[in-house]
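Following: one structure in structure tokens, then a few remarks.
The values are calculated or read from the model by the stated rules, or taken from the named source; none is laboratory data. Nothing here was measured: the structure is a model prediction, and the numbers come from that model. Here the Cβ positions follow ideal geometry from the backbone for every residue, glycine too, while neighbour counts run over all protein chains shown. What goes into the accessible areas is simple: the full protein's heavy atoms, side chains included, and nothing from ligands, DNA or RNA. Shrake-Rupley method; radii C 1.70, N 1.55, O 1.52, S 1.80 Å.
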Amino acid sequence: MLPDKYLLQSLAKRLMAQGYMIDISETANELTVSGALTIATSIIESADYHPNLIHLLIITKNKDYFPEGITENIVGVGTTIEAKVETVLDNYLATTFPAIADSFLDGHDPEIDFNDGRGILWHPRLGALSLQGQWAAEPEGEPIFDLLKNKLAETIPNRKINWLKVYVARYQDDEVIAECLLNNKVWEEGTVAVRKYAANFPQQGTFLGQKQFMAFRRCDVFDNKEN
């Protein structure tokens, strides 16, 4: 079986095990989740990649709330295609997918809800914080969300669902790389904030990285008050 087809079928099995209804396309590398989400996948090949790595491009769409798609690039590792697919799907299903799926639900956590500058209430859906490198201790709480929450309140667009992707890492020579995308577009203020945050990671002289996906659902009370 071709790797792309194997990956898609593996994703379908994992989602069905969680209780979702899945329809796999017969013509494209994509599937539909409970009639609401379309997930398209593609394994990116490159002669520069280590043979134990797999690079997955995955795009999650909903025709009403994010028709342009939420795009993710995820890396998995392993010595077999089965192991590589397992790790790359573990990443997606632990970080990005739960936050997207939860953004369709009405429930919320008042401990992390916030109002923007217009008074609109937002319900955050936080994916798991993914750590890279050898952390001596895991960060407590939600450090990236806490760092960006007030800035988001001044910036977040007035649409039903917004999303934020953050990746930041500090290398052994103290170089910091950072990516902060709000609705797939570079958010400069957020990028500057997470870059400063990573510069103060503990364990100087070691590689440490963090990655997190978050979705933000506008409270239903404000649905008829779009600007």
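Taking the stated definitions as given, is LEU53 under 15 Å from the mean Cα position of the chain (by Cα) and either farther than 18 Å from GLY127 by Cα or touching a residue at least 40 places away in the same chain (Cβ under 8 Å) (or both)? So that I can check it myself, show each step before the final result.
Numbers: under 15 Å from the mean Cα position of the chain (by Cα): no; either farther than 18 Å from GLY127 by Cα or touching a residue at least 40 places away in the same chain (Cβ under 8 Å) (or both): yes.
Criteria not met by LEU53.
How many residues are open to solvent by less than 10 Å² (accessible area, probe 1.4 Å), assigned to a strand (DSSP E or B) and within 24 Å of ILE112 (Cα to Cα) if we restrict to the stretch 197-220? Steps first, please.
Quick first cut of the stretch 197-220, residues open to solvent by less than 10 Å² (accessible area, probe 1.4 Å) only: 198, 201, 208-210, 212-216, 218.
Pick out the ones that are also assigned to a strand (DSSP E or B) and you get 208-210, 212-216, 218.
Restricting the remaining residues to those that are within 24 Å of ILE112 (Cα to Cα) gives 209-210, 212-216, 218.
The number of residues fulfilling the criteria is 8.
Mind checking whether some residue in the stretch 160-170 is among the polar types (S, T, N, Q), touching a residue at least 24 places away in the same chain (Cβ under 8 Å) and more than 20 Å from THR96 (Cβ to Cβ)? Steps first, please.
Of all residues in the stretch 160-170, those among the polar types (S, T, N, Q) come to 162.
Applying the additional criterion that residues be touching a residue at least 24 places away in the same chain (Cβ under 8 Å) yields 162.
Next, only the ones that are more than 20 Å from THR96 (Cβ to Cβ) stay: none.
Scanning the stretch 160-170 turns up no residue that is among the polar types (S, T, N, Q), touching a residue at least 24 places away in the same chain (Cβ under 8 Å) and more than 20 Å from THR96 (Cβ to Cβ).
If you take the residues of the stretch 129-158 that are small (Gly, Ala, Ser) and touching a Gly at 6+ places or on another chain (Cβ under 7 Å), which of them is nearest to PHE216 (Cα to Cα)? Break it down stepwise before answering.
Of all residues in the stretch 129-158, those small (Gly, Ala, Ser) come to 130, 133, 136-137, 141, 153.
Pick out the ones that are also touching a Gly at 6+ places or on another chain (Cβ under 7 Å) and you get 133, 153.
Details: GLY133: 28, ALA153: 11 Å.
This residue is ALA153.
Could you grab me the full set of residues in the stretch 158-174 that are over 18 Å from the mean Cα position of the chain (by Cα) and open to solvent by 20 Å² or more (accessible area, probe 1.4 Å)?
Looking only at the stretch 158-174, we keep the residues that are over 18 Å from the mean Cα position of the chain (by Cα), and these are 158-159, 170-174.
If the condition is that a residue be over 18 Å from the mean Cα position of the chain (by Cα) and open to solvent by 20 Å² or more (accessible area, probe 1.4 Å), then ASN158, ARG159, TYR171, GLN172, ASP173, ASP174 are the ones that fit.
Which condition number in (1) at pLDDT below 95; (2) open to solvent by 50 Å² or more (accessible area, probe 1.4 Å) is the one that ASP146 fails?
(1)
Can you confirm whether the stretch 175-193 contains a residue that is modelled with pLDDT of 95 or more, of a type in the set (Ser, Thr, Tyr), surrounded by 13 or more Cβ atoms within 10 Å (Cβ to Cβ) and in contact with a helix residue (DSSP H, G or I) (Cβ under 6 Å, 6 or more places away or on another chain)?
no
Could you give every pair whose Cβ atoms fall below 7 Å, whose first residue belongs to the stretch 140-155 and is in contact (Cβ under 8 Å) with a residue 40 or more places away in the chain, and whose second residue is open to solvent by less than 60 Å² (accessible area, probe 1.4 Å) and among the hydroxyl-bearing types (Ser, Thr, Tyr), counting only separations of at least 6 or pairs across chains?
The qualifying pairs are LEU147/TYR197.
Quick grid of which residues meet (1) charged (D, E, K, R); (2) under 21 Å from ILE74 (Cα atoms); (3) not in a helix (DSSP H, G or I):
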site	(1), (2), (3)
ASN150	no, no, no
ALA153	no, no, no
PRO157	no, no, yes
LEU164	no, yes, yes
ASP174	yes, no, yes
ILE177	no, yes, yes
LEU181	no, yes, yes
GLU189	yes, no, no
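Does any residue of the stretch 117-124 turn out to be among the basic types (Lys, Arg) and touching a helix residue (DSSP H, G or I) at 6+ places or on another chain (Cβ under 7 Å)? Working first, answer last.
First, the residues of the stretch 117-124 that are among the basic types (Lys, Arg): 118.
Then keep just the ones that are touching a helix residue (DSSP H, G or I) at 6+ places or on another chain (Cβ under 7 Å); that gives none.
Checked the stretch 117-124: no residue is among the basic types (Lys, Arg) and touching a helix residue (DSSP H, G or I) at 6+ places or on another chain (Cβ under 7 Å).
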